[in-house]
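Only one structure is covered here, and it is reproduced in the block below.
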Amino acid sequence: MAHELPPLPYGYDALEPTIDKQTMTLHHDGHHGAYVKNLNAAVEKHPDLASKSAEELLRNLNAVPEDIRATVRNNGGGHVNHTMFWKIMKPKGGGDPNGPVADVIKKTFGNFKDFQTKFNDAGAKQFGSGWVWLAGKSSGEVQIITTPNQDNPISQGLFPIFGNDVWEHAYYLKYNNRRPEYLAAWWNVVNWDEINNRFNAFKSGKTVHEPELAHR
Ligand code: MN3
(Lines give C-alpha, C1' and ligand atoms only; values in the text may rest on other atoms or scores of the structure.)
Protein backbone atom coordinates (compact mmCIF):
# COMPACT_ATOMS: atom_id res chain seq x y z
CA MET A 1 0.00 0.00 0.00
CA ALA A 2 1.29 3.40 -0.90
CA HIS A 3 1.84 6.37 1.41
CA GLU A 4 -1.34 8.43 1.61
CA LEU A 5 -2.18 12.08 2.16
CA PRO A 6 -4.18 12.30 5.41
CA PRO A 7 -7.26 14.53 5.14
CA LEU A 8 -7.16 17.92 6.82
CA PRO A 9 -8.95 17.44 10.18
CA TYR A 10 -10.98 20.68 9.70
CA GLY A 11 -12.07 22.92 6.84
CA TYR A 12 -9.60 24.84 4.71
CA ASP A 13 -11.01 28.11 6.08
CA ALA A 14 -11.22 26.91 9.71
CA LEU A 15 -8.01 28.61 10.83
CA GLU A 16 -9.03 32.03 9.47
CA PRO A 17 -8.02 34.75 10.13
CA THR A 18 -4.69 33.42 11.44
CA ILE A 19 -4.07 31.22 8.40
CA ASP A 20 -6.07 31.99 5.26
CA LYS A 21 -8.04 29.48 3.21
CA GLN A 22 -5.90 29.79 0.08
CA THR A 23 -2.70 29.11 2.03
CA MET A 24 -4.25 26.05 3.70
CA THR A 25 -5.53 24.68 0.38
CA LEU A 26 -2.21 25.08 -1.42
CA HIS A 27 -0.26 23.88 1.62
CA HIS A 28 -2.25 20.70 2.26
CA ASP A 29 -3.36 19.62 -1.23
CA GLY A 30 -0.45 21.07 -3.17
CA HIS A 31 2.68 20.90 -1.02
CA HIS A 32 1.85 17.98 1.28
CA GLY A 33 0.23 16.17 -1.65
CA ALA A 34 3.42 16.52 -3.69
CA TYR A 35 5.60 15.19 -0.84
CA VAL A 36 3.44 12.04 -0.68
CA LYS A 37 3.50 11.60 -4.46
CA ASN A 38 7.28 12.05 -4.66
CA LEU A 39 7.86 9.70 -1.70
CA ASN A 40 5.79 6.99 -3.39
CA ALA A 41 7.64 7.43 -6.68
CA ALA A 42 11.00 7.00 -4.90
CA VAL A 43 9.95 3.98 -2.81
CA GLU A 44 8.52 2.24 -5.90
CA LYS A 45 12.11 1.82 -7.11
CA HIS A 46 12.90 -0.30 -4.04
CA PRO A 47 10.03 -2.73 -3.34
CA ASP A 48 11.78 -3.98 -0.17
CA LEU A 49 10.97 -0.58 1.40
CA ALA A 50 7.24 -0.87 0.65
CA SER A 51 6.36 -2.11 4.14
CA LYS A 52 8.26 0.65 5.95
CA SER A 53 6.42 3.67 7.34
CA ALA A 54 7.72 7.14 6.51
CA GLU A 55 8.92 7.45 10.13
CA GLU A 56 10.89 4.23 9.92
CA LEU A 57 12.62 5.49 6.79
CA LEU A 58 13.53 8.81 8.44
CA ARG A 59 14.73 7.20 11.66
CA ASN A 60 17.55 5.47 9.80
CA LEU A 61 18.26 7.39 6.60
CA ASN A 62 21.60 5.62 6.18
CA ALA A 63 19.68 2.40 5.57
CA VAL A 64 17.82 4.01 2.66
CA PRO A 65 19.48 3.29 -0.73
CA GLU A 66 21.63 6.19 -1.82
CA ASP A 67 19.83 6.79 -5.11
CA ILE A 68 16.62 7.75 -3.29
CA ARG A 69 18.03 8.90 0.09
CA ALA A 70 17.77 12.65 -0.53
CA THR A 71 14.28 12.25 -2.02
CA VAL A 72 13.12 10.23 1.00
CA ARG A 73 14.71 12.70 3.41
CA ASN A 74 12.98 15.67 1.79
CA ASN A 75 9.62 14.15 0.83
CA GLY A 76 9.29 11.60 3.63
CA GLY A 77 10.20 14.44 5.98
CA GLY A 78 7.61 16.67 4.34
CA HIS A 79 4.99 13.95 4.76
CA VAL A 80 5.70 13.28 8.46
CA ASN A 81 6.15 16.96 9.35
CA HIS A 82 2.88 18.08 7.79
CA THR A 83 0.94 15.14 9.22
CA MET A 84 1.99 16.48 12.63
CA PHE A 85 1.38 20.10 11.66
CA TRP A 86 -2.33 19.75 10.75
CA LYS A 87 -3.03 17.91 14.02
CA ILE A 88 -1.34 20.38 16.36
CA MET A 89 -3.51 23.22 15.10
CA LYS A 90 -7.26 23.70 15.47
CA PRO A 91 -9.96 26.35 15.07
CA LYS A 92 -10.39 28.42 18.25
CA GLY A 93 -7.12 27.05 19.59
CA GLY A 94 -4.42 28.96 21.38
CA GLY A 95 -4.46 30.40 24.86
CA ASP A 96 -2.09 29.39 27.61
CA PRO A 97 -0.82 25.82 27.60
CA ASN A 98 -2.29 23.40 30.12
CA GLY A 99 -1.49 19.97 31.46
CA PRO A 100 1.96 18.37 31.56
CA VAL A 101 3.32 20.41 28.65
CA ALA A 102 2.60 23.62 30.60
CA ASP A 103 4.60 22.17 33.49
CA VAL A 104 7.63 21.26 31.38
CA ILE A 105 7.60 24.68 29.69
CA LYS A 106 7.58 26.39 33.08
CA LYS A 107 10.31 24.11 34.42
CA THR A 108 12.55 24.46 31.35
CA PHE A 109 11.98 28.05 30.23
CA GLY A 110 10.66 29.80 33.36
CA ASN A 111 7.30 30.85 31.92
CA PHE A 112 5.21 30.59 28.76
CA LYS A 113 6.01 34.10 27.51
CA ASP A 114 9.77 33.51 27.65
CA PHE A 115 9.32 30.16 25.90
CA GLN A 116 7.25 31.77 23.14
CA THR A 117 9.86 34.49 22.66
CA LYS A 118 12.68 31.95 22.35
CA PHE A 119 10.64 29.72 20.01
CA ASN A 120 9.62 32.65 17.79
CA ASP A 121 13.18 34.03 17.69
CA ALA A 122 14.55 30.64 16.66
CA GLY A 123 11.92 30.37 13.92
CA ALA A 124 12.61 33.91 12.69
CA LYS A 125 16.38 33.25 12.53
CA GLN A 126 16.12 29.94 10.63
CA PHE A 127 17.72 30.96 7.32
CA GLY A 128 15.65 29.95 4.32
CA SER A 129 13.20 27.10 4.65
CA GLY A 130 12.75 24.89 7.68
CA TRP A 131 11.00 24.23 10.96
CA VAL A 132 11.21 25.31 14.59
CA TRP A 133 10.48 22.61 17.16
CA LEU A 134 10.02 21.75 20.77
CA ALA A 135 11.88 18.44 20.76
CA GLY A 136 12.24 15.79 23.44
CA LYS A 137 15.66 14.34 24.26
CA SER A 138 16.37 10.78 25.39
CA SER A 139 17.23 12.24 28.84
CA GLY A 140 13.56 13.28 29.13
CA GLU A 141 14.39 17.00 28.85
CA VAL A 142 13.00 19.24 26.11
CA GLN A 143 14.71 21.84 23.94
CA ILE A 144 13.95 24.29 21.13
CA ILE A 145 15.67 23.34 17.89
CA THR A 146 15.42 24.31 14.24
CA THR A 147 15.84 22.02 11.24
CA PRO A 148 16.49 23.02 7.62
CA ASN A 149 14.26 22.02 4.70
CA GLN A 150 11.96 19.12 5.73
CA ASP A 151 14.36 17.45 8.18
CA ASN A 152 12.48 15.87 11.10
CA PRO A 153 13.95 15.64 14.62
CA ILE A 154 13.58 11.84 14.59
CA SER A 155 16.54 11.65 12.20
CA GLN A 156 18.61 13.08 15.11
CA GLY A 157 17.08 10.73 17.67
CA LEU A 158 14.83 13.47 19.08
CA PHE A 159 11.05 13.36 19.64
CA PRO A 160 9.08 16.01 17.70
CA ILE A 161 6.65 17.21 20.38
CA PHE A 162 5.46 20.03 18.13
CA GLY A 163 6.80 22.32 15.45
CA ASN A 164 5.94 25.32 13.32
CA ASP A 165 6.54 25.46 9.59
CA VAL A 166 8.62 28.52 8.60
CA TRP A 167 8.74 27.80 4.86
CA GLU A 168 7.47 30.84 2.94
CA HIS A 169 4.62 28.67 1.56
CA ALA A 170 3.20 28.53 5.11
CA TYR A 171 2.66 32.29 5.44
CA TYR A 172 3.66 34.34 2.41
CA LEU A 173 0.21 34.96 0.87
CA LYS A 174 -1.06 36.62 4.06
CA TYR A 175 2.06 37.80 5.89
CA ASN A 176 4.35 38.39 2.89
CA ASN A 177 7.92 38.75 4.17
CA ARG A 178 6.84 39.35 7.78
CA ARG A 179 7.73 35.93 9.18
CA PRO A 180 7.89 37.18 12.82
CA GLU A 181 4.27 38.38 12.51
CA TYR A 182 3.19 34.91 11.35
CA LEU A 183 5.16 33.25 14.16
CA ALA A 184 3.47 35.48 16.75
CA ALA A 185 -0.04 34.95 15.33
CA TRP A 186 0.37 31.18 14.94
CA TRP A 187 -0.10 30.58 18.68
CA ASN A 188 -3.78 31.54 18.21
CA VAL A 189 -4.43 28.23 16.44
CA VAL A 190 -2.25 25.91 18.53
CA ASN A 191 -3.99 22.75 19.79
CA TRP A 192 -2.65 22.23 23.32
CA ASP A 193 -4.69 19.05 23.86
CA GLU A 194 -2.98 17.34 20.94
CA ILE A 195 0.42 18.68 22.04
CA ASN A 196 -0.22 17.16 25.48
CA ASN A 197 -1.04 13.83 23.80
CA ARG A 198 2.28 14.01 22.00
CA PHE A 199 4.18 15.05 25.11
CA ASN A 200 2.65 12.13 27.04
CA ALA A 201 3.71 9.77 24.23
CA PHE A 202 7.26 11.16 24.51
CA LYS A 203 7.30 10.72 28.31
CA SER A 204 6.02 7.15 28.08
CA GLY A 205 8.80 6.23 25.63
CA LYS A 206 6.66 5.76 22.53
CA THR A 207 8.69 5.71 19.32
CA VAL A 208 5.85 6.22 16.85
CA HIS A 209 4.90 9.87 16.58
CA GLU A 210 2.23 9.84 13.87
CA PRO A 211 0.22 6.65 14.54
CA GLU A 212 -1.89 7.08 11.40
CA LEU A 213 1.28 6.60 9.32
CA ALA A 214 2.45 3.45 11.12
CA HIS A 215 0.30 0.84 9.39
CA ARG A 216 0.48 0.67 5.65
MN1 MN3 B 1 4.89 23.31 4.69
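The values are calculated or read from the model by the stated rules, or taken from the named source; none is laboratory data. What you see is a predicted model; the values in this text were computed from it and never measured. Note that each Cβ is placed from the backbone with ideal geometry, even for glycine, and that neighbours are counted across all protein chains shown. Areas reflect the complete protein model, heavy atoms only, side chains present, ligands, DNA and RNA absent. Shrake-Rupley method; radii C 1.70, N 1.55, O 1.52, S 1.80 Å.
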Quiz item: Any idea what the relative contact order of region 21-87 is, in percent, if you count C-alpha pairs under 8 Å spaced at least 6 apart?
Solution: 40 percent
Quiz prompt | Listed residues 32, 169, 153: farthest to the positive end of the dipole of the chain (Cβ charges) | solution = 153
Practice problem: Could I get the Rg over Rh figure for region 99-162? Both from C-alpha atoms, Rh via Kirkwood, rounded to two places. | Solution: 0.97
Quiz item: In vacuo Debye scattering of region 171-213, one point per C-alpha: log10 I(q)/I(0) at q = 0.24, 0.30, 0.31, 0.34 Å⁻¹?
Solution: -0.79, -0.97, -1.01, -1.12
Practice problem: Give the relative contact order (percent, whole number) for the chain; include only Cα pairs under 8 Å separated by 6+ residues. | Solution: 26 percent
Quiz item: Where only protein heavy atoms count, and the probe is 1.4 Å, what is the accessible area per residue for the chain in Å²?
Solution: 47 Å²
Exercise. Quantify how much of the Cα-Cα distance distribution of region 21-87 extends past 15 Å, in percent.
Key: 48 percent
Quiz item: Per the helix-only calculation at 222 nm, which mean residue ellipticity applies to the chain, given -39500 (n - 2.57) for every DSSP H run of n ≥ 4 and division by its residues, nearest 500 deg cm²/dmol?
Solution: -11500 deg cm²/dmol
Quiz item: Pick from 17, 97, 153: which is most flexible by mean-square fluctuation in a GNM of the chain where alpha carbon atoms under 10 Å apart are linked?
Solution: 17
Practice problem: For region 93-186, run through the GluC sites (Glu not before Pro) and keep only the ones in DSSP coil with at most 11 other Cβ atoms within 10 Å of their Cβ. | Solution: 141
Quiz item: How many percent of the accessible area of the chain is carbon or sulfur, using a 1.4 Å probe?
Solution: 51 percent
Exercise. Take every Cα-Cα pair in region 99-208 and report what % of them are more than 25 Å apart.
Key: 18 percent
